[in-house]
Structure formats: structure tokens, C-alpha cells
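I have placed the structure first, in the form of C-alpha cells, so that the comments after it can refer back to it.
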Amino acid sequence: MKQGRYFADKIEAKWRENWKKQNSFEFKDDPKKQKYYNLVELPYPSGDLHLGHWFAFVPADVHARFKKMSGFNVFYPNGFDAFGLPAENAAIKRGIHPRDWTMKNIEVMRTQFDIMGTMIDWTHSTITCLPDFYRWNQWIFLKMFEKGIAYRGIALSNWCPTDQTVLANEHIEAGKCWRCGAEVVQKEVEQWFLAITKYAESLIWKNPPQADWPKQVIEGQNNWIGKSEGMLIDFSGIEVFTTKPETIDGATFLVVAPEHEFVKNLSKTKEVEDYVLAASKKTEMERKEDRTKSGVFSGKYVKNPVTGKDVPVWISDYVLAGYGTGAIMAVPYVDERDREFAQKFNLPIIETKFNAKPKGEKTINYHLRDWSISRQRYWGTPVPIIHCEKCGLVPVPEKDLPVELPYNVDYTPKGKPPLASDEKWLNVKCPKCGGEAKRDAETLDTFFDSAWYYYRYVSPEFHKGPFDPKEVAKLMPVDVYFGGSEHTLGHTLYARFFTKFFKELGLLEFDEFAKKRIQHGVILGPDGDRMSKSRGNVVSPDDVVKEYGADTVRLYLCFMMPYEATSPWSPTAIGGVYKFLKRAWDLLEKVDKGELSRQDLSKMHQAIKKVGVDLENLAFNTAVSSLMIWLNHLTSKKTVTSEEYKTLLRLLAPFAPHITDELWHLLNPNANSVHLEDWPVFQSKYLISDSVNIAVQVNGKLRDAIVVKREFIKSQEKVENEAKSSQKVAKYLTSAIKKVIYIEGKIINFVV
Ligand code: ANZ
Ligand code: ZN
């Protein structure tokens, strides 16, 4: 057969057009098939699809294609996480409206996604910045408000005194505001929270875990939730939380956080005032990590309820306001932090007998905090609440949703939420009393969007709720969720929390949204450093696609390292992968009629088995290497049969969808797409190797083991001759052989 030379650019666009025409990827209900929800974290529309995106999406696509060929009804949607700060900042910098900037980027990225040659179903998509999506954010928020899960609270936050705004941790550079350079302080700010802590217990992973998630995620989340069982003990009105009540006889002083009520009610000396102010400038992280211990004496004493002794109350920022009761009994004899403190301030350290049994209330604490979700920025979902002086916080009636984000707003930062400066939008009538009222001008954290977007994919046009419970019952939970390890403690935990909330609303019946989770590593620049524009080591997928074609890039991304690993991009290794595809292409010429030897069959079935098992287990790199091993065998032969070649194309199809469809049609112009083919099934009988070990005995004693070709084991004569020719055996066959007992393929015993 003649196929000319392999030019990826000549065939790839053509096949993508074909697939599109045939509407190949649109998910349709099929009661005969088992569903398979293949999910990848939705990308942020930065406007440029980089290798990281390819590395997240290509192996996921390979897996999806494999499951499809294996008979599953695969659902592989994608969308855009379109709200958030970068859009706003880029827009401020370039003078383009965040919405225009975002939508333009989405368009660019859609074309870039096309080039990847995935089977993503774009008909089940969602763009989170469109009212169509965010009205359901508002709906969910209001349900949470109704149930007391969304609430207005006060928390210590990073505060820029010049800009009058809360700053995210990422927006503080060396303790200063990234925008104006003012010193950032910690300030108690009123804001919206979601009471994720109410779900702390149900978010703890069980042992064994209820879903197939990576161990480091399960451990990470459980540590983050930080369940701690202890006791509340009263020291003359100050309640402390301790996990070691039996050490109370060694409690020689109390320490309260600088923000504690006790401190607020204290008539403060200058020293105390200064200390409280200094502590307010430190972030929680700094406070936890500071080993130098600072503090002041409050001037007050309380009674140790077990020893009856008066103990001094100190104020120190190593005790955090937001955990436990914000006050501790210090046991310097046992606790290291307390000992450091006692040594620094000359406080008594006395031995504890560990048998003190104080009175107190048993209690469970969680380190998890409620989730602060309001942002004083423009580009997000407006909080659907109206502030009325008479009625307080009034939810926007459901019929008035969505509260649309107004387009013409001055979103440059001015110290108050940009929406607050749009008077026309801001001033409304109170839905309860009809009086003058104001809309809430804050917007929701974008992690609110990503906590549930994958539910929206299932029924993106549904208009009676965030999703159609019937469709969700059919398609959810997600069967496998591909994403990044940076989402271990944020996004995936929030998504589990929302799922539990939806279950309480009666919208679904499962507890976990994803049965399996896998987290990808990072592709470093060819120099082994993190890819970055400033280092000049960024590899652009568009460039490599131009050079080698998308199939090569796909195959190389699967091959270069395990999905979970981190390693550098190699310009030479990708060349090797290109050659592999070229050899697969050239092999078409050798397709001919012929018989398959036992060895040929064995190699083929070994490849079928290995690639299938590896793709099931998301071990993409070893799947590719077994294909390479098999191709080596095929190219070493004079001819290959069409059975072999077709099997090769089917095994290669998920990795390299364009070239395989081209070759499939060169082989048979009237064929359907290779992607509609079934996944090859291996036959165990061919997996057995083509030689057999047979034990040789003389008078029942093992003397040797011989290797016999499988095709000869039926013949006792051949096995006997082979056994006799062994020197180890011949030694014992000096007298006449009386009898030979042969158990086929296992043992031959000479009786002499
Ligand atoms: C006496 C004691 C003796 C303690 C001892 C520990 C060891 P986890 O496991 O994290 O819950 N603690 C309580 N509230 C605190 C706060 N707001 N900031 C800093 N530390 C706080 O830790 C609970 C223990 O951490 C508590 O038990 C308390 O010190 C301290 F040998 O009480 B312990
Ligand atoms: Zn009112």
C-alpha cells in the first residue's frame, strides 16, 4: 500500500473538520451504555493555552477516548472559569472592559483547544461570567442564606488603610499593599462567610476512604480540617481549650490572644496597647511561625481550679484568636511553645503528675475556618442581598434573579467596592417594606463558581434550578476528575462541601461528587526551571504543534512522565516520539496477507492487555512505552497482517487521533472512523509465553528443569530426548530405564 510521507499538518485539520461534521463528540443519552463522566478542572480564560493546559487535558482526553472505545457513554465537557481578579487587573492595565477581555480570550482559547484534537463536548459548556450561570450562584447563595450557611460576620483580614479594602494574601508584598505600598494591617472586617465548618465532620475522609482520591489529598484535607478533641476549662471566668486536661496541675499561667474579649475589657497600660497594635500588623502565618515569643503581662490573675493557686494572665500572639476559645492554660513543663514563653518571661515551670482531673466540658474543635467569600471587586457575581435600614439583610426575591452585573461601572479601585459607586444600580426599594435600600455591592469569590460548575455542565440550559436533578442522577458523580495539586485544600474541598449542601436540599443522593481524583504535575522548561516569560524558557504548544503536529505533542505529553510527576520538556525526546508515529505511518506499506506466528500473537495480545490496563489506571506513559515495544517488533518483520495493523491503530487512536483515522481510511476508504471502533480484547491464551519449563526427575528426585518450546510439549518423545540430553540428568541414567512417566508440560520422571 502507498501512503506517501507523513505530514501532520496535511491531515490534522481535515480530520477535525470531519469529526465536527459528524457531530462525533456531542453527548447523547444512551440507556444501553454505562455513563462515564470524565472531568478536567475548567481553565481560566487568560487568553493563551499553554503547555500546562495541554498536559491537563490531553491525558484526560486519551482516557475519555479509551473509555468510549471500551463501550462507555463518555461525557467530557469543558467550560471557562471566567470571573476573577486577573481579568480586572488586565483590563485596568489595558483599558479594555473585563467582560470584553474575557470573552475575547475565550474565543482565542476555543480555537487553541480545537487544535488539541480532543473529544470535548462543547455543547455542554458553561462560562461562569454569564448571567446564565451566575444567576444560579445567586440562587445557591440565597438557599445558603436561608439555611444560615451564608452569613455576615467579622474576621481578621489583611487590610490596606489607604485603599480601604481587604487584600488577599497574594496581594501583599513584604507586608505592603501591592497597589499603593502602604503597610498592611490586620483588621476586623465585616464580610460574607460560608459556614463550611458546619460540615467539618462530614468532610473528614473516612478510613478506608469512601472514594479513590490520592492519599496526599485525603491526608491534606483531614489535616486542614484538623479535628481535635479536648476540654473547655474555666479559670475564674476565662475559658481555655485544652487537649491535655490531665496536665492542669502544671498550668502555671494563662495566655490569651491579643484580640480576646478579656483584653478588650481591660483598662490597658501603654505597654499592652502597643503590644495589641503590633500584633494586629502580623498575619496569622507570621504569628504561627514566629519562634521568638513576645507578650505582655495583663496585670491580672486567675485561679487554677485544681491547684487553687493564683496564676498570671499573659497576652501573647502565639495564641490565635480564631481557634478554640482564644485562651490557653500554659503547661511549660510539657508544651514546647509554653516552655519557650516561660523561659523568656521567667515564669514558673513545675512538674505535672498527669493525674489531675479537672471539671470541664468535653468539646471538639476543628482547625477549619469558615470561608470568607465576599470580595470588594467588580468582576464577580453580585451578592443577591439588599441592605435595608428597617429590615436588615433582605434576600433579592427569586423572581428578580439574576442581579445582573452592570456593564458600565468605573471598576478602577477607589477604596470601596466598585459597584458601590454605581448609584443607579445600588439604590433600590426594599422588597420587604418598599423603603429606600441599597444593594450589597460586594461580589463572590470565584471559588464559589468552581465549587459546582460541573453540575451545570450536565444541563447547561436548565432554567428551573442550578441543574436538573434528573440529569444529575444519571450522570453524576464524576467518574474521574483531573486537576492540579494546588487545589487540594481549596477548590476540591469546597466542591465536596457544596455537594453535601445540595444533598441536604434534596437535589441529589450521593455524598461525594467525584469517585476518583488524579492530580497532575508540572512541565518545567527545557532548562529544568519553572517555565516563565522572564526566564525565556517557555515552550509554546502552538510552536511545537506547528513543528510536529498535535498528535506528536499529545503522544509526547503522555509519554514524557507519569501524570502526577514534574519534569522538564525535552526537545529531543519529542523528536523521538515524532519518529515513532512516522514509523507507524510507514508500516502501512508492509501490510500484507499472512499468518501470525505464536510469537506475533503473544506480542500483540501483550500490547492489548498492557495498554488497556494502563489506560484504565491512568498510567499513560507506560501505555505508550508498551506500544513502542510492540511497534519495534512489528517493524522488525518483513510484513505485518492487517489484523496486527488494525489493532495497532486502535490502540494508538486515543493518543494520536488524527494520524490513526487517516491510516484507518487509507487501509479501508469505506470504513467508519477508527474512533467508533471497539477497543481490542486480549485473549489470555496468547499471553502465555511460547516456551515451557518442565521438571525432570529421576526416581522421583528433581535433577533438572528443561525449557521446551510450547509446540513440542505434546510429544513425549521430544521432551524425553531433550531431558536425556541434560548432563545433570544423564549422570543418573546410567542403568536401564524401566519406565517414563510424563505429565504434559509439567514433569517428566525416569524410573531406573
Ligand atoms: C494544655 C496543653 C498541654 C496543651 C500540652 C497541649 C499540650 P490542637 O491539637 O491543635 O487542637 N491551644 C488551644 N487553643 C489555642 C489557640 N487559640 N492558639 C494556640 N494554641 C492553642 O491543639 C490544642 C492545644 O493547643 C491545646 O491544648 C492548647 O494547649 C493549645 F502538653 O493545653 B493545650
Ligand atoms: Zn425594608
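The values are calculated or read from the model by the stated rules, or taken from the named source; none is laboratory data. As the structure is a computational prediction, the values presented were derived from the model and not from experiment. Neighbour counts run over all protein chains shown; Cβ positions are idealised from the backbone, glycine included. These area figures cover heavy atoms from the full protein model, side chains too; ligands, DNA and RNA do not enter into them. Shrake-Rupley method; radii C 1.70, N 1.55, O 1.52, S 1.80 Å.
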Worksheet item: What is the magnitude of the charge dipole of the chain about its Cα centre, with +1 placed on the Cβ of each Lys and Arg, -1 on the Cβ of each Asp and Glu, and no other charges, expressed in debye to the nearest 20?
Response: 2400 debye
Worksheet entry | Rounded to 10°, Cα long-axis angle of helix 657-667 versus longest principal axis of the chain | 20 degrees
Worksheet item: Which value, in debye to the nearest 20, describes the size of the charge dipole of segment 581-686 about its Cα centre when Lys and Arg Cβ atoms bear +1, Asp and Glu Cβ atoms bear -1, and nothing else is charged?
Response: 400 debye
Response to the item:
The rounded separation in angstrom of the Cα centers of segment 670-734 and segment 533-596 is 38 Å
Worksheet item: Among Leu666, Leu618, Leu702, what's the order by accessible area (1.4 angstrom probe), most exposed first?
Response: Leu702, Leu666, Leu618
Fill in: Probe 1.4 Å, all protein chains present, accessible-area order of Leu581, Leu347, largest first
Leu347, Leu581
Item to complete: For segment 552-593, build the charge dipole from Cβ charges (+1 Lys, Arg; -1 Asp, Glu) around the Cα centre, then report which of Tyr556, Trp569, Phe580 sits farthest towards its positive end.
Response: Phe580
Response to the item:
Expressed in µm² per second, the diffusion coefficient of segment 280-389 from the Stokes-Einstein equation, with Rh the Kirkwood radius over alpha carbon pairs, at 37 °C and 0.692 mPa s, is 186 µm²/s
Practice prompt. Express the carbon and sulfur contribution to the solvent-accessible surface of segment 581-686 as a percent, rounded to the nearest whole number, probe 1.4 angstrom.
Written response: 48 percent
Discussion item. Which three numbers, in whole Å and largest first, are the semi-axes of the equivalent ellipsoid of the chain derived from its Cα gyration tensor as √(5λ)?
Written reply: 61, 39, 23
Discussion item. Can you show me the helix-derived [θ] at 222 nm for the chain, built from DSSP H runs with n ≥ 4 at -39,500 (n - 2.57) apiece and divided by the number of residues, rounded to the nearest 500.
Written reply: -10500 deg cm²/dmol
Worksheet item: Any idea of the accessible area per residue across the chain, 1.4 Å probe, to the nearest Å²?
Response: 46 Å²
Worksheet item: What does the convex hull of the Cα atoms come to per residue for segment 581-686, in Å³?
Response: 96 Å³
Item to complete: Counting only DSSP beta bridges with both residues in segment 255-343, tell me the antiparallel percent, nearest 5.
Response: 80 percent
Worksheet item: Can you give the angle from 0 to 90° between the axis of helix 598-616 and the longest principal axis of the chain, with both taken from C-alpha atoms, to the nearest 10?
Response: 10 degrees
Fill in: Within-15-Å neighbourhood charge of Asp704 [Cβ basis; K, R +1; D, E -1]
+4
Practice prompt. May I ask you to rank Arg456, Arg598 by accessible area, largest first, using a 1.4 Å probe over the protein chains only?
Written response: Arg598, Arg456
Discussion item. If I histogram all Cα-Cα distances within segment 525-611 using bins 5 Å wide from 0, what percent of pairs lands in each bin?
Written reply: 3, 11, 15, 19, 17, 11, 9, 7, 4, 2, 1, 0
Worksheet entry | Share of carbon and sulfur in the accessible heavy-atom surface of segment 691-751 [1.4 Å probe, %] | 50 percent
Worksheet entry | Area of His665 that stays accessible when all protein chains are in place (1.4 Å probe, Å², to 10) | 40 Å²
Discussion item. Only bridges whose two residues both fall in the chain count here: according to DSSP, what percent of them are antiparallel, nearest 5?
Written reply: 70 percent
Practice prompt. With only Lys, Arg, Asp and Glu charged, each at its Cβ (+1 for the first two, -1 for the last two), find how big the charge dipole of segment 141-287 is about the Cα centre; round to the nearest 20 debye.
Written response: 380 debye
Worksheet item: If Lys and Arg each add +1 and Asp and Glu each add -1, what is the summed charge of the other residues whose beta carbon sits under 9 Å from the beta carbon of Pro402?
Response: -2
Worksheet item: Among the GluC sites (Glu not before Pro) within segment 277-373, which fall in a DSSP loop and have no more than 16 other Cβ atoms within 10 Å of their own Cβ?
Response: Glu351
Item to complete: Any chance you could look up the accessible area of Glu404 with a 1.4 Å probe, heavy atoms only, rounded to 10 Å²?
Response: 100 Å²
Practice prompt. Quote the Stokes-Einstein diffusion coefficient, in whole µm² s⁻¹, for segment 47-168, based on the Kirkwood radius over alpha carbon pairs, a temperature of 4 °C and a viscosity of 1.567 mPa s.
Written response: 73 µm²/s
Fill in: Neighbourhood charge, 10 Å Cβ-Cβ cut-off, centred on Trp664 and excluding it, Lys, Arg +1 and Asp, Glu -1
-1
Discussion item. Counting other C-beta atoms within 10 Å, and keeping those with at most 13, which DSSP coil trypsin sites (Lys or Arg not before Pro) do you find in segment 655-746?
Written reply: Lys714, Lys731, Lys738, Lys746
Item to complete: Once you've got the Cα coordinates, tell me which of Lys309/Lys353; Lys546/Lys579; Lys187/Lys438 are over 23 Å apart.
Response: Lys187/Lys438
Fill in: Carbon + sulfur, % of accessible area of segment 438-558 - ligands and nucleic acids excluded, 1.4 Å
49 percent
Worksheet item: Expressed as a whole number of Å, what is the distance separating the alpha-carbon centroids of segment 422-466 and segment 209-235?
Response: 33 Å
Practice prompt. Could you pull the accessible area for Ser125 with a 1.4 Å probe, rounded to 10 Å²?
Written response: 30 Å²
